[in-house]
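Novice: Can you read through this structure? Questions will come right after.
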Amino acid sequence: MGIPTEPIGSIPRSPELIQAVEAHAQGRVDDAELQAAQEKALKETIARFEETGSPVITDGEQLKPSFATYPIAGLTTLVPEGVVIPFADGHTRTLPALAEGPFRYATFTESYVRQAKQHTDLPVKQPVIAPSALSLLYPAAGIDGYPREQFLADLADQAEVDIRTSFEAGAASVQLDFTEGRLSIKLDPSKGVLEQFVALNNEVLDRFSDAERARIGVHTCPGGDQDSTHSLDVDYAELLPELFRLHVGAVYLQLASEADPGRVLEVVRDHVQPGQRVFVGVIDPIDPVVETPEQVRDRVLLAARYIPADQLGTCDDCGFAPFADDTSTSREVAFAKIAARVEGTRLAAEALGV
């Protein structure tokens, strides 16, 4: 049977792709030249993913501007002054704000699935942004003629389409990116915002059948941008009970970068739901040192003390470059880490006899 192992999402974009995106924004290359650069980067990324031995791959998010903003790239109903996300090293990311309704996605991930499947026969996992993250686009002051309740209804409809059409395009599984979960506790220690996030996500998830939800997972981490995090200082125990209330078949947990993984695993053991598979992070994308397969094996064996083998899987803590301009990690390091995860998980399965 073995232990399943999956990536989270992004791979650092190739230097050529980053240069092409910058040149396109400056008007120095046309749409056709940009698309050629994107196609080349996508094909190379998938080929290198296959070389790692990974049984499940993603497209490395080579075509996304970021894991969070792909649905709204190019929308003309936005203004730049939105929610500011501060990172521990002092840098920030700023979300835009919606200026008028109705809210509609400009891009759905099914297009990424179709392009990726042209280059591989392996199962393709498709990350999508959680509706809870996009709920932050609605301004605190409101929008005349477009109440928040209508925005949330429109958002839920669009998020459902994003998931459903990804499956229709051939995605083997879909992963909700929910990095805002831990951050919400930092912004609102009462956890009222977190409860709203969980309720909104479940509203969307409940539109799918049990069989479909078995192929939907949720990923959480404390951010991972430019080798920094936004909420690693928030106690995981504050998030996990609510996280496991999400109606998903898989939970992808950042764990390798936790100071006390055993304590986190105790909380996981107490809250994981029957039938859910927990993919524990065994690779730290922020650490420049490539883990050895033996280190990965030992991290898996630790997790196996708390999680039954038939509910256990492994993953990376986070994507390697959630934002397209993040060059803090090289492609070589990212793929070396993925290869270590695959081999280390195999060694752990062998040691556990599964």
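Novice: Restricting the search to the stretch 209-259, which residues are acidic (Asp, Glu) and more than 18 Å from LEU312 (Cβ to Cβ)?
Specialist: Hits for the stretch 209-259 are ASP210, GLU212, ASP225, ASP227, ASP233, ASP235, GLU238, GLU242.
Novice: Moving on. Take the conditions at pLDDT 95 or above and out of contact with any Pro (no Cβ under 6 Å at 6 or more places or on another chain) and apply them to PRO274. Does it pass?
Specialist: For PRO274, the condition - at pLDDT 95 or above and out of contact with any Pro (no Cβ under 6 Å at 6 or more places or on another chain) - is not met.
Novice: Is the stretch 23-32 home to any residue that is at positive phi and either touching a residue at least 40 places away in the same chain (Cβ under 8 Å) or surrounded by fewer than 18 Cβ atoms within 10 Å (Cβ to Cβ) (or both)?
Specialist: yes
Novice: Please enumerate the residues belonging to the stretch 181-219 that are modelled with pLDDT under 95 and in contact with a Phe, Trp or Tyr (Cβ under 7 Å, 6 or more places away or on another chain).
Specialist: Across the stretch 181-219, the qualifying residues are GLY181, SER184.
The values are calculated or read from the model by the stated rules, or taken from the named source; none is laboratory data. Note that the structure is a prediction, hence the values are computed from the model and not measured. Reconstructed Cβ throughout: ideal geometry from the backbone, glycine too, with neighbour counts over all protein chains shown.
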